[in-house]
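The values are calculated or read from the model by the stated rules, or taken from the named source; none is laboratory data. Treat the numbers as computed from the prediction; the structure is a model and nothing was measured. Methodologically, a virtual Cβ is constructed for each residue, glycine included, from the backbone with ideal geometry; neighbour enumeration extends over all protein chains shown. Areas reflect the complete protein model, heavy atoms only, side chains present, ligands, DNA and RNA absent. Shrake-Rupley method; radii C 1.70, N 1.55, O 1.52, S 1.80 Å.
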Amino acid sequence: MKNIDSTGHTRGESIYLDDIPLVQGTLFGAVFGSPVAHGIVRRLQVTEAASYPGVVRVFTFRDIKGDNQIGGIVPDEPLFAEEHVHFCGMPLALVVAVSEKAARAAVQKIRADIEPLSVIVDARVAQAKGELIVPPRTFRLGDIDGAWALCDHIVEGRADTNGQEHLYIETQGAYAVPMENGNIRVYSSTQAPTAVQRAVSKVTGLPMHALDIEVTRLGGGFGGKEDQANVWAALCALACLHLKKPVKYALPRTDDMVMTGKRHPYSSDFRIGLDKDLKILAYEVTFYQNAGAAADLSPAVLERTLFHCTNSYFIPNVRATAYSCRTHLPPNTAFRGFGGPQGMFVIEAAIVKAAEKLGVDAAIIQKRNLLHTGDAFPYGQLAVSETHACWEKSEELYDIAAMREEVAAFNRSQQLFKKGIAFMPVCFGISFTKTLMNQARALVHVYTDGSVSVTTGAVEMGQGVSTKMMQVASTVFSIDDSLVRIQSTSTMKIANTSPSAASATADLNGKAVLMACTEILRRLKDVAALELNTTAESVEVKAGMVWVGGQATGMTWKQLVMAAFVRRVSLSEHAHYATPDIHFDPAKEKGHPFAYHVYGTAIVVATLDCLRGRYTVDAVKVVHDFGVSMNPLIDRGQIEGGIVQGMGWMTMEEVVYDDTGRLRSNTLSTYKVPDIYSVPRDISIEPLHTQQDNLAIFRSKAVGEPPLMYGIGVYFALRSAIRAFNPSAELSFSAPMTPEKALMGLYEKQLEHVPG
Ligand code: MTE
Ligand code: HPA
Ligand code: MOS
């Protein structure tokens, strides 16, 4: 089934924040962000801006009626800077004017005298100075200290991954509209309507029931709007509260890139030990996460790095420690994979380094150490592993022997082009790592004309969750899809929502829809039994008709609904779902945090131009564990998009902050994302159908984030191509592998021999 939004999208009819018709008298905001990354605010001059034509008012921290605080996990993030600024772009003032143009022009008139303080941009430097967001955490399995003595080979190293700009097509924004009784409705481009509601409540001092947060859909979120949509909503609501006028602020792209946090850069040290059979016996890793200036979601991201530090492998002795380091970058935040990719990159680097040292193919070590069902993860949960099935199916289906021979033959015959090949297995846990967040609700109404309205806490951001919700409702009721409408997300209809995140949106909200629809159907069957003089057990609703004992009765869905209404039977239901069986004890760092895991294997082939450092990705061939996909079209789209986004992170996307903490890659001309020309020539996706009972909706496993990590394989395929050209190259593990870096790697060491 096609995504139900596809027609609206292609016709330009879908409603995003900027498409909401404006209420008369709407005013527009623009933020003055700190020009320096760290300093003491000596003076903020806003009078010139306040008297600029069209300006209604300039707001600062002094205008906050509630608390100047929007930190979600740790209360360490003021909405407006007060006497200190902690990152470039940190809001110091909000100008509100009659037009966007006037607001932006007036921002230019604001002057801030800021006494600069020393700036930290590097996570290791922050850690050395004791600048931590939360205390470090360590996951342990087995006896790491005793295990080294049993190892025949021990390899150490360092691995670094850089940040990543979310680059959702729709930038951040919000629109606050005053309602009756002092209520405020906020239209927000957020993945987390309740997080916005809490932040707005805190800043305005209004109770949550006075705030209605509405979300139609997002032009992409990718994690960037899980926590960081709060700022703009709080700013607009604050101005709305003071002025009693609608206030809108949708960020221009450069402001968005400068002011918002990104994927966390990580720097990590690893030590890996193997026995003579290439079994990994020991793995020790220390992660330095660059959290930026405030906690945001960093502690949760850090936790997921630890959860995924061994990726798809069973390692009996592990010690993994992670530091969340406070620097003077904008607070870094959720990004597809949520710290998992950063953890997986390091174990893959460790394996590759060991393979290079031992002169064996990395795939041999990878395959020998894949998880089996029953193996323990370092956090205690036992794997129900599909990782062998995915790996072995990929080898067979894509004929790995022939692929390798092709690459070897190419490399023998070509001098200035080399190919590299890499395997990338993925194992990703599904559930919010914070157990309490794994709950959701759905509100289903059946109207007397037979049409059905479904509201959940799920936010549609391109991932197709609305389509999946419709499929759940129409499947349970066995009615045509056209009878079901998925409504926009609103905190007045569905309260206390978890963000649409952790790839769990369809599972959590879908289960709630399933429960609500099943309950209404149960009542309808009772009604049918009364109407048709039979038992409820013998009644079925199938293809829009009522059946009894396998025979069609002639009674339609619509007649049944009307009969229930006449008998005063409720046609509405609000259901609550909480994922069963999950738990985690942070004191022990052990538990069963995930409902299930998603598995997969990608084989990646890339070709490197050894004269120029340019490359193309020839193929990403995947076997992916879908469970039983309820929507293969959408799920394939998620996999393709995830691969390309992961590849972008690993290759061309280069977030650059200078030493003063200023973002240098702040436009699309200085920040390169994959375009249609860089998409792999061949993306093959083969489903692994797994029938095991799992906690996925209709056993259709979550698919949003896991495929991003297939992109990590591109880095290692390129590394392998570089070494095919320059076998003596000593390459650091440092992503992204930009063409410049590839070029340096190709001639690393060799350059020393160039005379001159
Ligand atoms: N796909 C699109 N088109 N747009 C997005 O913003 N976000 C990703 C992924 N796929 C995203 C996307 C992220 S970060 C997550 S967590 C999941 O979708 C969230 O949706 P789900 O829980 O329904 O999979
Ligand atoms: N994944 C994504 N987002 C989250 C999580 C998680 O595990 N926890 C809190 N926000
Ligand atoms: Mo996704 S990073 O959990 O929004």
Per residue, what accessible area does segment 298-419 have, given a 1.4 Å probe and all protein chains present, in Å²?
31 Å²
Which net charge results when you count Lys and Arg as +1 and Asp and Glu as -1 among the other residues whose beta-carbon is under 14 Å from that of P91?
-4
Which percent, nearest 5, of DSSP beta bridges in segment 145-235 are antiparallel?
55 percent
Could you provide, to the nearest whole Å², the per residue accessible area of segment 32-138 with probe 1.4 Å?
48 Å²
Mind listing the long-range amide H neighbours of L132? Cut-off is under 5 Å, sequence gap 5 or more, other chains count too, H placed in the peptide plane at 1.01 Å from N.
R326
Using just the alpha carbons, could you tell me how many Å³ per residue the convex hull of the chain encloses?
175 Å³
Compute log10 of I(q)/I(0) for segment 1-155 with the Debye formula, placing one identical point scatterer on every Cα and leaving out solvent, at q = 0.08, 0.10 Å⁻¹, to two decimals.
-0.46, -0.63
Excluding ligands and nucleic acids, what accessible area in Å² is computed for H689 using a 1.4 Å probe, to the nearest 10?
120 Å²
Solvent-accessible area per residue for segment 706-750 at a 1.4 Å probe radius, Å²?
30 Å²
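How much of the DSSP bridge set in segment 272-385 is antiparallel, in percent, rounded to the nearest 5?
Numbers: 5 of 15 bridges.
That works out to approximately 35 percent antiparallel.
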Per-peptide average of other Cβ atoms within 10 Å, ordering 714-722, 74-82, 475-483 highest first:
714-722, 74-82, 475-483
Cα centroid separation, segment 605-654 to segment 697-726 (Å):
7 Å
Quick one: if the Förster radius is 51 Å, what FRET efficiency do D399 and T448 give, using the C-beta to C-beta distance and rounding to 0.05?
0.30
Under 16 Å between alpha carbons, and skipping anything fewer than 8 positions from K468 in its own chain: which aspartates and glutamates qualify?
D5, E460, D480, D481, D507, D635
Each label point is 7 Å from the Cα along the Cα-to-Cβ direction; what then is the distance between the points at I40 and Q692, in nm?
5.9 nm
Which value, in debye to the nearest 20, describes the size of the charge dipole of segment 575-689 about its Cα centre when Lys and Arg Cβ atoms bear +1, Asp and Glu Cβ atoms bear -1, and nothing else is charged?
200 debye
Counting only protein chains, not ligands or nucleic acids, how are H153, H574 ordered by accessible area (probe 1.4 Å), most first?
H574, H153
Per the rule of 0.36 nm per residue minus the C-alpha distance, extending D659 to R412 adds in nm 84.5 nm
Alpha carbon centroid spacing (whole Å) that separates segment 551-574 from segment 30-59
61 Å
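Counting only protein heavy atoms, what percent of the accessible surface of segment 487-584 is carbon or sulfur at a 1.4 Å probe? Don't jump to the answer; show the numbers that get you there.
Values: 2450 of 4530 Å².
Of the solvent-accessible surface of segment 487-584, carbon and sulfur hold 54 percent.
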About the Cα centre of the chain, what is the dipole size in debye to 20, counting +1 per Lys and Arg Cβ and -1 per Asp and Glu Cβ, all else neutral?
1120 debye
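Full-extension gain between S482 and Q24, please, as 0.36 nm times their residue separation minus the C-alpha to C-alpha distance. Intermediate values should be presented prior to the final figure.
Details: separation 458, 0.36 × 458 = 164.88 nm, distance 3.45 nm.
Result for the pair: 161.4 nm of gain on full extension.
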Taking every DSSP beta bridge that has both residues in the chain, what percent is antiparallel when rounded to the nearest 5?
75 percent
Give the relative contact order (percent, whole number) for the chain; include only Cα pairs under 8 Å separated by 6+ residues.
14 percent
From most to least accessible, 1.4 Å probe, no ligand or DNA/RNA atoms counted, K279, K511 line up as K279, K511
Assuming R0 = 41 Å, what is the FRET efficiency of D682 and D275, from their Cβ-Cβ distance, to the nearest 0.05?
0.65
Packing-based ranking, highest mean first, of 656-668, 696-708 given that Cβ atoms within 10 Å are counted
696-708, 656-668
If you count, for each residue, the other Cβ atoms within 10 Å and average over each peptide, how do 631-640, 458-467, 302-311 line up from highest to lowest?
302-311, 458-467, 631-640
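So what's the net charge close to D618: Lys and Arg +1, Asp and Glu -1, counting the other residues with Cβ under 9 Å from its Cβ?
Net charge around D618: +1.
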Centroid-to-centroid separation of segment 464-506 and segment 657-691 [C-alpha atoms, Å]
29 Å
Measure up K101/K202; K276/K621; K493/K542; K129/K225; K202/K244 against 23 Å on the Cα-Cα distance and list the ones that go over.
K101/K202; K276/K621; K493/K542; K129/K225
